[in-house]
Amino acid sequence: MKFTNGYWLTRKEYDVNSPAEAFEAEKDGKTLNIYAPYKRINTRGDELNLGMSTIKLTSPVENVIGVKLTHFDQDTKGPSYELNNLDPDVNIDVTDKKASLTSGDLTVSLPLRQQFDMEFTANGKVITASRNKAQGEILNHDTNVHYMREQLSVGVEDKIYGLGERFGNFIKNGQEVKITNQDGGTASEQSYKNIPFYLTDAGYGVFVDEPQTVDFEVTSENVDRVQFSSEGESLQYYVIYGPTPQEILHRYTELTGRMQLPPAWSFGLWLTTSFTTDYSEKTVLKFIDGMKDHNIPLDVFHFDCFWQKGFEWSNMEWDRDEFPDPEGLIKKIHDRGIKVCVWINPYIAQKGKMFEEGKKNGYFIKRENGNLWQWDLWQAGNAFVDFTNPDAVKWYKSKLKALLDMGVDCFKTDFGERIPVEDAVFFDGSDPKREHNYYTLQYNKAVFDTIEENKGKGEAVVFARSATVGSQKYPLHWGGDALSNFKNMADTLHGGLSFLSSGFAFWSHDIGGFEDGPDTPTPDLYKRWTQFGLLSSHSRYHGSNVYRVPWNFDDEAVDNTRKFVNLKLSLMPYLYTQAAHDTTYGNPLMRPMWFNFTEDRTAHTLDNQYMFGTQLLVAPVFNPEGHVNFYLPAGKWTSIINDDETYDITDGKWISKDYGELDLPVLARDNTILLRNPKAVHADYDFTKDLDINLYDMHEGSTSVAVVDQKGQDTGKVTVDRSGNQLTVTTTGLTGSATIYVHENGKVTKAALNGTEATITL
């Protein structure tokens, strides 16, 4: 939202007041309060007829400083994000000339009775600041709506990332971003997952703790600053120091909630019915058995909307015409070693038993006149489950439990974005403007908790579309309704990397795109998206009106799917170990290149390739010609698909290369110990047994990696000690047989592990 007309003038509908000085500072325990009037105070008379902002400075987590700007101290109706206060030690210093608060390496300081200035420094260096006239208490005198604004300075080379899942440019500089969840697809400025948190490559991030709409002007209205504003009389935000992106996200998730590790089976291939296709028990089993006939491992089968009758979504009841024996069908699927997922959403159509129950008991959002809030968008007469009502939550969870008792393993929690704001009344009196974004957290928490209560801790997973702050506690999320074309495949990756830079660990997308074009996904698009999808943290075939089974496209699509499913399953000892360690620390499994190469400035701009864990680089193919331009930071790189593809890069280099339809760049960096099991047939298996130990250009000295069990706990370890041309491999906690493959200078040397140790001379 823009308030100015150029640099000097204010837009005519707004009145803007900004702190002119920090007049007084008071220490209150571990809180520093600053009183900042809107003009300089030279005489006692200047204190009359004048507004001021109260600036409350706190630290809930070490190296995190909270700033609350308040004009009028007014109560707000819920909800509010649940934040953790770890109560770190702080140092507050107030003198006649200066006030400061320090947490860890981060300090905020303000001069007293001088021109207003609030600087954030880390280890003596200014990382950002709220300069003169940056803060604003703003009134729109045409509408009588009040706003609060902050502007934080940006350095010459600073790049801004994050703000949730955004499908435009990965670097946010120059963009206007509205933090409000919307069902807008993947080809617009709207987003299903809006997170008021941005990450910079200057060593810090900023989280705006406001669940209502927050408007960001990212070096756009004021090109030297990131501006954020929101309706109301106060504004709370946190500056989070790293300095690395890993440390920033660690502290952000310490504040907003720890990530959870999904069950190992969820990392395998998911196949769906697609959306508007015709399907029944016969169709479903035909597809599942078809995957087996084509030797393609499958871990999860998903029933999309029409497992229920049309006009009755989401009433949680099977369409008995198409599925006369759902319990029997689920058992048949389970007997094939496959989990079952069903689609749900929190909108209850008027035609159906659940609507009558919900209406009778007051479980839906209402209008101010007492009527239900309904519309005909999506399903006729939709009403919205009111998750602020504890009884409504219990009722909704009871419907889910009935499905879990049938054998359903997890739920695709679709929707949750179009939550009414105007003329909406919630059970607990929550402000609809604050509920709009927050609703998805309440919805997905209810579903996740129900699964965990019934399946056990560590077995819960949802497949969610919408998200907000804290949703990282309830994995996982997928990228929404993508278009079936190469450009939107790339846009999908940009959205994923943006989302994964915003405090989330796991992410998926519809392989092949969701919105089918007139020619459906072409075979080449399907194959390329399959590779990208199976080199993402989670992998699901899904579409609108075309079945996504590979034999519907061509024989090579079958080969491609088989190859990359098997590749991902073989990598599970590496992937699940990385995932378990990442979630513990608050980091994503897929991540932008610059996370791992902060000293390489080129890496800071890359958004068409990514790191899959810390050791593998993936560059998807985004065109039918198979041409890829990808960038390699300094080091040695070896393809894990084709050992002949190796690179020895001195200073960072762009590579331009064509790849056949069964290939793409998937490269291991030097000094990588990559544990694999090429015989895996499901994603959930013993990750310590019968491993291939792949060593890529090992460095002099000692290098170790852990391997986790199926619950994500460290169980085994592989250590490689190198002295010249001799490598000694030592293992603990591994079972079965193990084979060692040393990849170096384009050659592969094979050796057997005898017991727990082996020595290889190159």
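Within the stretch 370-379, one or more residues are assigned to a strand (DSSP E or B), touching a strand residue (DSSP E or B) at 6+ places or on another chain (Cβ under 8 Å), closer than 30 Å to ASP423 by Cα and modelled with pLDDT of 95 or more. When the stretch 147-162 is filtered for residues that are part of a strand (DSSP E or B) and either in contact with a His (Cβ under 7 Å, 6 or more places away or on another chain) or closer than 17 Å to THR4 by Cβ (or both), the ones remaining, listed by number, are TYR147, MET148, ARG149, GLU150, GLN151, LEU152, SER153. The set of residues from the stretch 1-31 being in contact (Cβ under 8 Å) with a residue 12 or more places away in the chain, closer than 24 Å to ASP224 by Cβ and not in a loop (DSSP other than H, G, I, E, B) comprises THR4, TYR14, ASP15, VAL16, ASN17, GLU21, ALA22. Residues that are in a loop (DSSP other than H, G, I, E, B), of a type outside the set (Val, Ile, Thr) and modelled with pLDDT under 95 do occur in the stretch 629-642, at least one of them.
For TYR14, are the conditions met, namely being within 30 Å of GLN442 (Cβ to Cβ) and open to solvent by less than 30 Å² (accessible area, probe 1.4 Å)?
No, not satisfied.
TYR659 - would you say it is over 25 Å from SER266 (Cβ atoms) and in contact with a Lys or Arg (Cβ under 9 Å, 6 or more places away or on another chain)? So TYR659 fails the test.
From the list GLU137, GLU165, which one is buried (at least 22 other Cβ atoms within 10 Å of the Cβ), charged (D, E, K, R) and not in a loop (DSSP other than H, G, I, E, B)? So that I can check it myself, show each step before the final result.
Details: GLU165 fails: not in a loop (DSSP other than H, G, I, E, B).
That would be GLU137, the only listed residue that is buried (at least 22 other Cβ atoms within 10 Å of the Cβ), charged (D, E, K, R) and not in a loop (DSSP other than H, G, I, E, B).
Filtering the stretch 35-60 to residues that are in a strand (DSSP E or B) and farther than 17 Å from GLN151 by Cβ leaves TYR35, PRO37, MET52, THR54, LYS56, LEU57, THR58. Here the condition is being open to solvent by less than 10 Å² (accessible area, probe 1.4 Å), assigned to a loop (DSSP other than H, G, I, E, B) and either modelled with pLDDT under 95 or not small (Gly, Ala, Ser) (or both); of ASN587, ASN623, it holds for ASN587 alone.
In this structure, is GLY701 out of contact with any strand residue (DSSP E or B) (no Cβ under 9 Å at 6 or more places or on another chain), farther than 30 Å from ALA264 by Cα and small (Gly, Ala, Ser)? Give the steps one after another, and end with the answer.
Values: out of contact with any strand residue (DSSP E or B) (no Cβ under 9 Å at 6 or more places or on another chain): no; farther than 30 Å from ALA264 by Cα: yes; small (Gly, Ala, Ser): yes.
Against the criterion (out of contact with any strand residue (DSSP E or B) (no Cβ under 9 Å at 6 or more places or on another chain), farther than 30 Å from ALA264 by Cα and small (Gly, Ala, Ser)), GLY701 does not qualify.
Pairing each residue of the stretch 428-451 that is at positive phi with any residue that is open to solvent by 10 Å² or more (accessible area, probe 1.4 Å), provided the two are 6+ apart or on different chains, yields C-beta distances under 7 Å for GLY429/LYS77. Look at (1) among the hydroxyl-bearing types (Ser, Thr, Tyr); (2) within 21 Å of THR530 (Cβ to Cβ); (3) open to solvent by 10 Å² or more (accessible area, probe 1.4 Å) and you find that TYR610 fails only one, number (3).
Being open to solvent by less than 20 Å² (accessible area, probe 1.4 Å), among the acidic types (Asp, Glu) and under 28 Å from TRP265 (Cβ atoms) narrows it down to one of ASP409, ASP405, so name that one. First the steps, then the outcome.
Values: ASP405 fails: open to solvent by less than 20 Å² (accessible area, probe 1.4 Å).
Unique residue meeting the criteria: ASP409.
Put simply, of PHE228, PHE216 the only residue that is free of Cβ contacts under 8 Å to residues at least 60 places away in the same chain, more than 16 Å from PRO60 (Cβ to Cβ) and either in contact with a Ser or Thr (Cβ under 9 Å, 6 or more places away or on another chain) or not in a helix (DSSP H, G or I) (or both) is PHE216. Checked against (1) farther than 30 Å from THR530 by Cβ; (2) buried (at least 20 other Cβ atoms within 10 Å of the Cβ), TRP265 passes all but condition (1). For THR76, the criteria (1) assigned to a loop (DSSP other than H, G, I, E, B); (2) open to solvent by 90 Å² or more (accessible area, probe 1.4 Å); (3) within 30 Å of VAL223 (Cβ to Cβ); (4) not acidic (Asp, Glu) hold in every case but one, which is (3).
Residues that are farther than 30 Å from TYR35 by Cβ, under 25 Å from the mean Cα position of the chain (by Cα) and of a type in the set (Val, Ile, Thr) are absent from the stretch 136-157.
Mind checking which residues of the stretch 699-717 are under 21 Å from LYS636 (Cα atoms) and out of contact with any helix residue (DSSP H, G or I) (no Cβ under 9 Å at 6 or more places or on another chain)? Even if it seems obvious, please write down each step before you answer.
Filtering the stretch 699-717 down to residues under 21 Å from LYS636 (Cα atoms) leaves 699-705.
Listed by number, the residues that qualify are HIS699, GLU700, GLY701, SER702, THR703, SER704.
Selection within the stretch 728-739: residues that are assigned to a strand (DSSP E or B) and either polar (S, T, N, Q) or touching a Lys or Arg at 6+ places or on another chain (Cβ under 7 Å) (or both). The member of this set that is most open to solvent (accessible area, probe 1.4 Å) is THR732. Kindly indicate whether THR102 is at pLDDT below 95 and hydroxyl-bearing (Ser, Thr, Tyr). No; evaluated as a whole, the condition is false for this residue. Mind checking whether some residue in the stretch 533-549 is in a helix (DSSP H, G or I), crowded, with 20+ Cβ neighbours inside 10 Å, out of contact with any strand residue (DSSP E or B) (no Cβ under 8 Å at 6 or more places or on another chain) and at pLDDT 95 or above? Looking through the stretch 533-549, none of the residues is in a helix (DSSP H, G or I), crowded, with 20+ Cβ neighbours inside 10 Å, out of contact with any strand residue (DSSP E or B) (no Cβ under 8 Å at 6 or more places or on another chain) and at pLDDT 95 or above. Restricted to the stretch 39-65, and to residues there that are among the small types (Gly, Ala, Ser) and within 15 Å of GLN135 (Cα to Cα), the residue that is most open to solvent (accessible area, probe 1.4 Å) is GLY51. Residues in the stretch 382-393 that are open to solvent by 10 Å² or more (accessible area, probe 1.4 Å), touching a helix residue (DSSP H, G or I) at 6+ places or on another chain (Cβ under 9 Å) and not hydroxyl-bearing (Ser, Thr, Tyr): PHE387, ASP391, VAL393.
The values are calculated or read from the model by the stated rules, or taken from the named source; none is laboratory data. On a predicted model such as this, the values are computed, not experimentally measured, just so you know. Methodologically, a virtual Cβ is constructed for each residue, glycine included, from the backbone with ideal geometry; neighbour enumeration extends over all protein chains shown. In case anyone asks, the SASA skips ligands and DNA or RNA and just uses the protein heavy atoms, side chains included. Shrake-Rupley method; radii C 1.70, N 1.55, O 1.52, S 1.80 Å.
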